[in-house]
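The structure appears below as structure tokens.
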Amino acid sequence: QVRVVESGGGLVQPGGSLRLSCAASGIIGKVLLMGWYRQGPGDRRDLVAIISSSGSASYADSVKDRFTISRDNAKNTIYLQMNSLKPDDTAVYYCNVHQVTDTYWGQGTQVTVSS
């Protein structure tokens, strides 16, 4: 049974920081890519950051200088360090796991940036 579980979301004031975690379990075979996506109210689900098994990372322009994605390949776990958070960062953040033949999504974790 494949499980993809996000954690670390919550309420934070503008300028604050959060660290999201995504742990994937029950996966057989090589995980090629893992990434973070987000979806605000009434919006589409957009890429935030993605990281390959080799550690190469890509970011959306809106978060490039503020967020950092990292991974622990041995545990199939990724992290998203979010600094200098803005109200526009408010969204449900989803973790994605990509294999050659399968793609898995977590249930999401809510991030709310508000005073």
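The values are calculated or read from the model by the stated rules, or taken from the named source; none is laboratory data. Nothing here was measured: the structure is a model prediction, and the numbers come from that model. Because the Cβ atoms are built from the backbone with ideal geometry, glycine has one as well, and the counts that use them run over all protein chains shown. Remember, those area values only see protein heavy atoms, side chains included, never the ligands or the DNA or RNA. Shrake-Rupley method; radii C 1.70, N 1.55, O 1.52, S 1.80 Å.
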Legend entry - Leading residue by the ranking (farthest from Pro14 (Cα to Cα)) among those in segment 66-76 that are of a type outside the set (Lys, Arg) and at pLDDT 95 or above: Ser70
Legend entry - Test: Val4 is within 14 Å of Tyr79 (Cα to Cα) and touching a residue at least 60 places away in the same chain (Cβ under 8 Å): yes
Inset, instruction - Considering (1) in contact (Cβ under 8 Å) with a residue 24 or more places away in the chain; (2) among the aromatic types (Phe, Trp, Tyr); (3) over 15 Å from Ser21 (Cβ atoms), say which one Tyr59 fails and leave the rest. - result: (1)
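Name the residues in segment 68-80 that are open to solvent by less than 60 Å² (accessible area, probe 1.4 Å) and in contact (Cβ under 8 Å) with a residue 40 or more places away in the chain, would you? If you could, list the steps in order and put the result at the bottom.
We begin by selecting, within segment 68-80, every residue open to solvent by less than 60 Å² (accessible area, probe 1.4 Å); these are 69-72, 76-80.
Those that are open to solvent by less than 60 Å² (accessible area, probe 1.4 Å) and in contact (Cβ under 8 Å) with a residue 40 or more places away in the chain: Asn76, Thr77, Ile78, Tyr79, Leu80.
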Inset, instruction - Collect the residues in segment 81-115 that are open to solvent by less than 50 Å² (accessible area, probe 1.4 Å), at negative phi and not aliphatic (A, V, I, L, M), keeping them in residue-number order. - result: Asp89, Thr90, Tyr93, Tyr94, Cys95, Asn96, Gln99, Gly106, Thr109, Thr112
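Rundown of residues vs (1) under 15 Å from Gly8 (Cα atoms); (2) over 15 Å from the mean Cα position of the chain (by Cα), yes/no style:
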position	(1), (2)
Leu80	yes, no
Leu85	yes, no
Tyr94	yes, no
Thr103	no, no
Ser115	no, yes
Inset, instruction - Say whether the condition of being surrounded by fewer than 18 Cβ atoms within 10 Å (Cβ to Cβ), more than 13 Å from Thr90 (Cα to Cα), at pLDDT below 95 and not polar (S, T, N, Q) is met by at least one residue in segment 14-23. - result: no
Legend entry - Leading residue by the ranking (farthest from Asn73 (Cα to Cα)) among those in segment 15-53 that are in contact (Cβ under 8 Å) with a residue 24 or more places away in the chain and among the charged types (D, E, K, R): Asp43
